[in-house]
Amino acid sequence: MNTSEQRIKIALQKSGRLSEESLDLLTRCGLKFTQSKDQLFCYGENMPIDLLFVRDDDIPGLVSDDVCDLGLVGLNVLEENRLGASKAGKLAAYDQLRALNFGQCRLSLAAPEDFDFQGPQSLQNLCIATSYVAILEDYLQQENIKADIVYFSGAVEIAPRLGKADLICDLVSTGSTLAANQLREVETVLESEAVIIQTSAETSDDKQCWIDRLMQRLDGVLQVRESKYVMLHAPRGALDDIVALLPGSESPTVIPLDRNGDKVAVHAVCRENVFWETLENLKGAGASSLLVVPVEKMLA
(Lines give C-alpha, C1' and ligand atoms only; values in the text may rest on other atoms or scores of the structure.)
Protein backbone atom coordinates (compact mmCIF):
# COMPACT_ATOMS: atom_id res chain seq x y z
CA MET A 1 0.00 0.00 0.00
CA ASN A 2 2.33 2.72 -1.18
CA THR A 3 0.26 4.72 -3.68
CA SER A 4 -1.88 7.63 -2.49
CA GLU A 5 -5.05 5.81 -3.66
CA GLN A 6 -4.25 2.85 -1.40
CA ARG A 7 -3.39 4.84 1.71
CA ILE A 8 -6.06 5.44 4.36
CA LYS A 9 -6.98 9.11 4.83
CA ILE A 10 -8.32 10.34 8.17
CA ALA A 11 -9.94 13.77 8.48
CA LEU A 12 -9.29 15.63 11.75
CA GLN A 13 -10.32 19.01 13.06
CA LYS A 14 -7.43 21.40 12.29
CA SER A 15 -8.14 23.63 15.28
CA GLY A 16 -10.63 23.64 18.11
CA ARG A 17 -11.59 21.61 21.14
CA LEU A 18 -11.15 18.16 19.51
CA SER A 19 -7.95 18.75 17.54
CA GLU A 20 -5.26 18.05 20.14
CA GLU A 21 -6.99 15.06 21.74
CA SER A 22 -7.74 13.47 18.34
CA LEU A 23 -4.08 13.61 17.35
CA ASP A 24 -3.00 12.36 20.78
CA LEU A 25 -5.38 9.40 20.51
CA LEU A 26 -3.91 8.31 17.16
CA THR A 27 -0.39 8.77 18.48
CA ARG A 28 -1.25 6.54 21.46
CA CYS A 29 -2.34 3.93 18.90
CA GLY A 30 1.31 3.79 17.78
CA LEU A 31 1.05 5.90 14.63
CA LYS A 32 4.08 8.01 13.70
CA PHE A 33 3.73 10.96 11.35
CA THR A 34 5.70 13.52 9.38
CA GLN A 35 3.84 16.83 9.17
CA SER A 36 3.81 18.97 6.02
CA LYS A 37 5.16 22.53 6.07
CA ASP A 38 1.67 24.02 5.90
CA GLN A 39 0.70 21.75 8.87
CA LEU A 40 -2.47 20.65 7.09
CA PHE A 41 -1.29 17.14 6.24
CA CYS A 42 0.53 14.36 8.11
CA TYR A 43 2.16 11.42 6.31
CA GLY A 44 2.09 8.13 8.22
CA GLU A 45 5.59 6.68 8.57
CA ASN A 46 4.87 3.24 10.06
CA MET A 47 1.32 2.60 8.76
CA PRO A 48 -0.33 3.49 5.42
CA ILE A 49 -2.42 6.16 7.14
CA ASP A 50 -2.39 9.91 6.42
CA LEU A 51 -4.09 12.73 8.32
CA LEU A 52 -5.86 15.72 6.78
CA PHE A 53 -6.53 18.72 9.03
CA VAL A 54 -9.76 20.44 7.98
CA ARG A 55 -12.69 22.46 9.36
CA ASP A 56 -14.85 20.29 11.60
CA ASP A 57 -17.96 21.11 9.55
CA ASP A 58 -16.25 19.62 6.47
CA ILE A 59 -15.41 16.25 8.03
CA PRO A 60 -18.80 14.49 7.55
CA GLY A 61 -18.91 15.59 3.89
CA LEU A 62 -15.34 14.48 3.16
CA VAL A 63 -16.07 11.04 4.60
CA SER A 64 -19.50 10.78 2.99
CA ASP A 65 -18.01 11.68 -0.42
CA ASP A 66 -15.25 9.06 0.07
CA VAL A 67 -12.53 11.71 -0.09
CA CYS A 68 -11.44 10.45 3.33
CA ASP A 69 -11.89 6.93 4.66
CA LEU A 70 -12.28 7.90 8.31
CA GLY A 71 -13.07 11.04 10.29
CA LEU A 72 -12.90 12.08 13.93
CA VAL A 73 -15.66 14.58 14.63
CA GLY A 74 -18.04 15.78 17.32
CA LEU A 75 -21.43 14.10 17.44
CA ASN A 76 -23.01 17.58 17.36
CA VAL A 77 -21.41 18.28 13.96
CA LEU A 78 -22.33 14.80 12.70
CA GLU A 79 -25.97 15.13 13.75
CA GLU A 80 -26.28 18.59 12.22
CA ASN A 81 -24.90 17.22 8.94
CA ARG A 82 -27.17 14.16 9.01
CA LEU A 83 -30.33 16.16 9.67
CA GLY A 84 -29.36 18.77 7.08
CA ALA A 85 -28.74 16.09 4.47
CA SER A 86 -32.03 14.38 5.31
CA LYS A 87 -33.93 17.65 4.92
CA ALA A 88 -32.36 18.04 1.46
CA GLY A 89 -33.46 14.50 0.56
CA LYS A 90 -29.98 13.00 0.81
CA LEU A 91 -28.56 10.16 2.86
CA ALA A 92 -25.27 10.63 4.68
CA ALA A 93 -22.92 7.93 3.35
CA TYR A 94 -20.94 7.14 6.48
CA ASP A 95 -21.14 4.77 9.45
CA GLN A 96 -20.42 5.68 13.05
CA LEU A 97 -17.85 3.23 14.39
CA ARG A 98 -16.98 4.30 17.93
CA ALA A 99 -17.64 6.90 20.58
CA LEU A 100 -14.21 8.12 21.69
CA ASN A 101 -14.86 9.23 25.28
CA PHE A 102 -13.50 12.76 24.97
CA GLY A 103 -14.79 16.15 23.85
CA GLN A 104 -17.91 15.76 25.98
CA CYS A 105 -20.29 18.70 25.84
CA ARG A 106 -23.97 19.34 25.32
CA LEU A 107 -26.04 21.40 22.93
CA SER A 108 -28.39 23.30 25.21
CA LEU A 109 -31.01 25.99 25.24
CA ALA A 110 -30.00 28.97 27.36
CA ALA A 111 -32.11 31.91 28.43
CA PRO A 112 -31.57 35.23 30.21
CA GLU A 113 -31.32 34.76 33.96
CA ASP A 114 -34.75 36.35 34.59
CA PHE A 115 -36.54 34.23 31.94
CA ASP A 116 -39.30 32.07 33.45
CA PHE A 117 -38.68 28.72 31.75
CA GLN A 118 -41.42 26.17 32.49
CA GLY A 119 -40.44 23.53 29.94
CA PRO A 120 -40.35 23.34 26.12
CA GLN A 121 -43.78 24.99 25.81
CA SER A 122 -42.18 28.19 27.13
CA LEU A 123 -40.46 28.48 23.72
CA GLN A 124 -43.73 28.90 21.82
CA ASN A 125 -43.58 31.81 19.35
CA LEU A 126 -40.19 33.01 20.61
CA CYS A 127 -36.97 33.62 18.66
CA ILE A 128 -33.92 31.39 19.20
CA ALA A 129 -30.40 32.05 17.91
CA THR A 130 -28.13 29.13 17.02
CA SER A 131 -25.54 27.79 14.60
CA TYR A 132 -27.19 24.34 14.83
CA VAL A 133 -30.31 25.08 12.83
CA ALA A 134 -31.10 21.51 11.73
CA ILE A 135 -30.79 20.03 15.23
CA LEU A 136 -32.88 22.82 16.76
CA GLU A 137 -35.55 22.50 14.05
CA ASP A 138 -35.77 18.77 14.72
CA TYR A 139 -36.06 19.33 18.48
CA LEU A 140 -38.80 21.93 18.09
CA GLN A 141 -40.70 19.69 15.69
CA GLN A 142 -40.55 16.77 18.14
CA GLU A 143 -41.84 19.04 20.92
CA ASN A 144 -44.54 20.49 18.63
CA ILE A 145 -43.19 24.01 19.16
CA LYS A 146 -43.46 26.89 16.70
CA ALA A 147 -40.54 29.29 17.10
CA ASP A 148 -38.36 31.44 14.87
CA ILE A 149 -34.73 30.38 14.40
CA VAL A 150 -32.01 32.97 13.72
CA TYR A 151 -28.71 31.65 12.38
CA PHE A 152 -25.56 32.89 14.15
CA SER A 153 -22.18 31.55 13.00
CA GLY A 154 -20.33 32.67 16.13
CA ALA A 155 -20.71 34.44 19.48
CA VAL A 156 -24.29 33.17 19.73
CA GLU A 157 -24.41 34.10 23.42
CA ILE A 158 -24.61 37.84 22.64
CA ALA A 159 -27.79 37.51 20.54
CA PRO A 160 -30.24 38.21 23.42
CA ARG A 161 -28.31 41.33 24.49
CA LEU A 162 -28.38 42.58 20.88
CA GLY A 163 -32.13 42.09 20.78
CA LYS A 164 -31.79 39.50 18.00
CA ALA A 165 -33.26 36.57 19.95
CA ASP A 166 -35.07 35.64 23.15
CA LEU A 167 -32.94 32.54 23.80
CA ILE A 168 -29.96 30.75 22.31
CA CYS A 169 -29.10 27.14 21.51
CA ASP A 170 -25.37 26.54 21.76
CA LEU A 171 -22.66 24.13 22.94
CA VAL A 172 -22.01 24.13 26.68
CA SER A 173 -19.20 22.48 28.59
CA THR A 174 -18.57 24.40 31.83
CA GLY A 175 -21.27 27.06 31.50
CA SER A 176 -18.84 29.90 32.28
CA THR A 177 -19.47 31.65 28.94
CA LEU A 178 -23.21 31.61 29.58
CA ALA A 179 -22.76 33.04 33.07
CA ALA A 180 -20.50 35.81 31.72
CA ASN A 181 -23.35 36.83 29.41
CA GLN A 182 -26.09 36.64 32.07
CA LEU A 183 -27.55 33.46 30.59
CA ARG A 184 -28.50 30.18 32.22
CA GLU A 185 -28.88 26.69 30.77
CA VAL A 186 -32.52 25.58 30.75
CA GLU A 187 -32.75 22.49 28.51
CA THR A 188 -30.35 19.95 26.97
CA VAL A 189 -31.07 19.25 23.31
CA LEU A 190 -28.16 16.88 22.53
CA GLU A 191 -25.37 15.18 24.50
CA SER A 192 -22.21 15.18 22.39
CA GLU A 193 -18.69 13.70 22.34
CA ALA A 194 -16.07 12.85 19.75
CA VAL A 195 -16.84 9.88 17.47
CA ILE A 196 -15.06 8.15 14.60
CA ILE A 197 -16.88 7.55 11.31
CA GLN A 198 -16.07 5.52 8.18
CA THR A 199 -17.23 6.05 4.63
CA SER A 200 -20.02 3.75 3.46
CA ALA A 201 -18.32 3.44 0.07
CA GLU A 202 -16.82 0.07 -0.83
CA THR A 203 -13.40 -0.38 0.78
CA SER A 204 -10.67 -2.68 -0.53
CA ASP A 205 -9.72 -5.70 1.57
CA ASP A 206 -6.24 -4.26 2.19
CA LYS A 207 -7.62 -0.95 3.41
CA GLN A 208 -10.24 -2.62 5.59
CA CYS A 209 -7.57 -4.83 7.15
CA TRP A 210 -5.61 -1.74 8.22
CA ILE A 211 -8.77 0.00 9.43
CA ASP A 212 -9.68 -3.05 11.54
CA ARG A 213 -6.16 -3.09 12.93
CA LEU A 214 -6.41 0.60 13.84
CA MET A 215 -9.79 0.03 15.50
CA GLN A 216 -8.32 -2.79 17.59
CA ARG A 217 -5.52 -0.51 18.77
CA LEU A 218 -7.97 2.30 19.39
CA ASP A 219 -10.12 0.00 21.54
CA GLY A 220 -7.02 -0.95 23.50
CA VAL A 221 -6.26 2.70 24.21
CA LEU A 222 -9.85 3.63 25.08
CA GLN A 223 -10.25 0.69 27.46
CA VAL A 224 -7.40 1.87 29.65
CA ARG A 225 -7.81 5.65 29.41
CA GLU A 226 -8.98 5.84 33.04
CA SER A 227 -7.54 2.47 34.08
CA LYS A 228 -4.87 1.87 36.68
CA TYR A 229 -2.86 -1.22 37.59
CA VAL A 230 -3.06 -1.78 41.35
CA MET A 231 -0.65 -4.00 43.29
CA LEU A 232 -0.93 -4.71 47.02
CA HIS A 233 -0.30 -7.24 49.77
CA ALA A 234 -3.15 -8.56 51.88
CA PRO A 235 -4.01 -11.20 54.50
CA ARG A 236 -5.89 -14.06 52.82
CA GLY A 237 -8.73 -13.66 55.31
CA ALA A 238 -9.33 -10.08 54.16
CA LEU A 239 -9.19 -10.91 50.46
CA ASP A 240 -12.94 -10.79 49.76
CA ASP A 241 -13.33 -7.36 51.38
CA ILE A 242 -10.28 -5.97 49.56
CA VAL A 243 -11.36 -7.28 46.14
CA ALA A 244 -14.80 -5.72 46.66
CA LEU A 245 -13.14 -2.32 47.17
CA LEU A 246 -11.15 -2.42 43.90
CA PRO A 247 -13.04 -0.14 41.45
CA GLY A 248 -14.01 -1.71 38.14
CA SER A 249 -11.90 -4.85 38.68
CA GLU A 250 -13.32 -8.16 37.48
CA SER A 251 -10.74 -10.90 38.15
CA PRO A 252 -7.68 -9.82 40.12
CA THR A 253 -4.61 -12.04 40.12
CA VAL A 254 -3.86 -13.51 43.56
CA ILE A 255 -0.33 -14.79 44.28
CA PRO A 256 0.69 -16.54 47.54
CA LEU A 257 3.60 -14.78 49.28
CA ASP A 258 4.61 -17.51 51.76
CA ARG A 259 4.42 -21.28 52.14
CA ASN A 260 1.35 -21.45 54.33
CA GLY A 261 -0.45 -18.89 52.12
CA ASP A 262 -1.56 -16.58 54.94
CA LYS A 263 -0.50 -13.52 52.94
CA VAL A 264 -1.05 -12.90 49.24
CA ALA A 265 -0.17 -10.35 46.57
CA VAL A 266 -3.11 -8.94 44.62
CA HIS A 267 -2.67 -7.49 41.11
CA ALA A 268 -5.68 -5.92 39.39
CA VAL A 269 -6.54 -3.70 36.43
CA CYS A 270 -9.07 -1.15 37.70
CA ARG A 271 -11.14 0.33 34.89
CA GLU A 272 -12.26 3.27 37.00
CA ASN A 273 -10.37 6.07 38.72
CA VAL A 274 -8.46 5.05 41.84
CA PHE A 275 -8.74 7.89 44.34
CA TRP A 276 -6.86 8.49 47.59
CA GLU A 277 -10.04 7.49 49.41
CA THR A 278 -9.92 4.15 47.60
CA LEU A 279 -6.38 3.50 48.84
CA GLU A 280 -7.32 4.55 52.38
CA ASN A 281 -10.28 2.17 52.37
CA LEU A 282 -8.08 -0.66 51.06
CA LYS A 283 -5.53 -0.01 53.79
CA GLY A 284 -8.30 0.05 56.37
CA ALA A 285 -9.43 -3.39 55.15
CA GLY A 286 -5.93 -4.81 55.75
CA ALA A 287 -4.03 -4.09 52.52
CA SER A 288 -0.40 -2.97 52.62
CA SER A 289 2.39 -2.06 50.18
CA LEU A 290 -0.12 -0.46 47.81
CA LEU A 291 1.17 0.64 44.42
CA VAL A 292 -0.85 2.29 41.62
CA VAL A 293 0.59 2.69 38.12
CA PRO A 294 -0.98 3.94 34.86
CA VAL A 295 -1.90 1.55 32.04
CA GLU A 296 -0.87 2.71 28.55
CA LYS A 297 -2.49 0.09 26.34
CA MET A 298 -4.21 -3.28 26.52
CA LEU A 299 -5.46 -5.92 24.08
CA ALA A 300 -8.15 -8.25 25.30
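The values are calculated or read from the model by the stated rules, or taken from the named source; none is laboratory data. The structure presented is a predicted model; accordingly, all values stated were derived computationally and were not measured. When we count neighbours, we look across all protein chains shown, and the Cβ atoms used for this are built from the backbone with ideal geometry, even at glycine.
For residue 59, work out the one condition from (1) in a loop (DSSP other than H, G, I, E, B); (2) at pLDDT 95 or above; (3) not assigned by TED's automatic domain parsing to the domain that holds residue 171; (4) not small (Gly, Ala, Ser) it doesn't fulfil.
(1)
Looking at residue 92, is it modelled with pLDDT under 90, assigned to a helix (DSSP H, G or I), hydrophobic (A, V, I, L, M, F, W, C) and more than 14 Å from residue 214 (Cα to Cα)?
no
From 171, 190, 183, 178, which residue is in contact with a Cys (Cβ under 8 Å, 6 or more places away or on another chain), in contact (Cβ under 8 Å) with a residue 12 or more places away in the chain, surrounded by 15 or more Cβ atoms within 10 Å (Cβ to Cβ) and not charged (D, E, K, R)?
Result: 171 is the single residue among 171, 190, 183, 178 that is in contact with a Cys (Cβ under 8 Å, 6 or more places away or on another chain), in contact (Cβ under 8 Å) with a residue 12 or more places away in the chain, surrounded by 15 or more Cβ atoms within 10 Å (Cβ to Cβ) and not charged (D, E, K, R).
Among the residues of the stretch 271-285, is any among the small types (Gly, Ala, Ser) and touching a strand residue (DSSP E or B) at 6+ places or on another chain (Cβ under 7 Å)?
Scanning the stretch 271-285, I find no residue that is among the small types (Gly, Ala, Ser) and touching a strand residue (DSSP E or B) at 6+ places or on another chain (Cβ under 7 Å), so the answer is no.
Which one of 245, 239, 290, 279 is touching a residue at least 12 places away in the same chain (Cβ under 8 Å), touching a Lys or Arg at 6+ places or on another chain (Cβ under 7 Å) and either farther than 30 Å from residue 73 by Cα or charged (D, E, K, R) (or both)?
Result: 290 is the single residue among 245, 239, 290, 279 that is touching a residue at least 12 places away in the same chain (Cβ under 8 Å), touching a Lys or Arg at 6+ places or on another chain (Cβ under 7 Å) and either farther than 30 Å from residue 73 by Cα or charged (D, E, K, R) (or both).
Looking only at the stretch 110-136, count every residue that is in contact (Cβ under 8 Å) with a residue 60 or more places away in the chain, in a loop (DSSP other than H, G, I, E, B) and over 19 Å from residue 190 (Cβ atoms) and tell me the total.
2
Restricting to the stretch 57-97, and then to whatever is of a type in the set (D, E, K, R) and crowded, with 17+ Cβ neighbours inside 10 Å, can you tell me which residue is farthest from residue 199 (Cα to Cα)?
80
May I ask you to list the residues in the stretch 98-109 that are among the hydrophobic types (A, V, I, L, M, F, W, C) and in a loop (DSSP other than H, G, I, E, B)?
Scanning the stretch 98-109 gives 100, 102.
Within the bounds of the stretch 28-47, is there any residue that is closer than 23 Å to residue 105 by Cβ and in contact (Cβ under 8 Å) with a residue 24 or more places away in the chain?
Yes, there is a match, as at least one residue in the stretch 28-47 is closer than 23 Å to residue 105 by Cβ and in contact (Cβ under 8 Å) with a residue 24 or more places away in the chain.
Which is under 23 Å from residue 220 (Cα atoms) and surrounded by 10 or more Cβ atoms within 10 Å (Cβ to Cβ), of 234, 268?
268
I need the full set of residues from the stretch 20-47 which are surrounded by fewer than 16 Cβ atoms within 10 Å (Cβ to Cβ) and either among the polar types (S, T, N, Q) or closer than 14 Å to residue 70 by Cβ (or both), in order please.
Listed by number, the residues that qualify are 27, 34, 35, 36, 39, 46.
Does residue 258 meet the test of being surrounded by 14 or more Cβ atoms within 10 Å (Cβ to Cβ) and of a type in the set (Asp, Glu)?
No, not satisfied.
Answer yes if at least one residue in the stretch 68-83 is closer than 30 Å to residue 126 by Cα, in a strand (DSSP E or B) and at pLDDT 95 or above, and no otherwise.
Checking the stretch 68-83: at least one residue is closer than 30 Å to residue 126 by Cα, in a strand (DSSP E or B) and at pLDDT 95 or above.
Any chance you could count how many residues in the stretch 253-300 are on the phi < 0 side of the Ramachandran plot and in a loop (DSSP other than H, G, I, E, B)?
18
What is the residue count in the stretch 101-145 for residues that are of a type in the set (Gly, Ala, Ser), surrounded by 15 or more Cβ atoms within 10 Å (Cβ to Cβ) and farther than 23 Å from residue 73 by Cβ?
4
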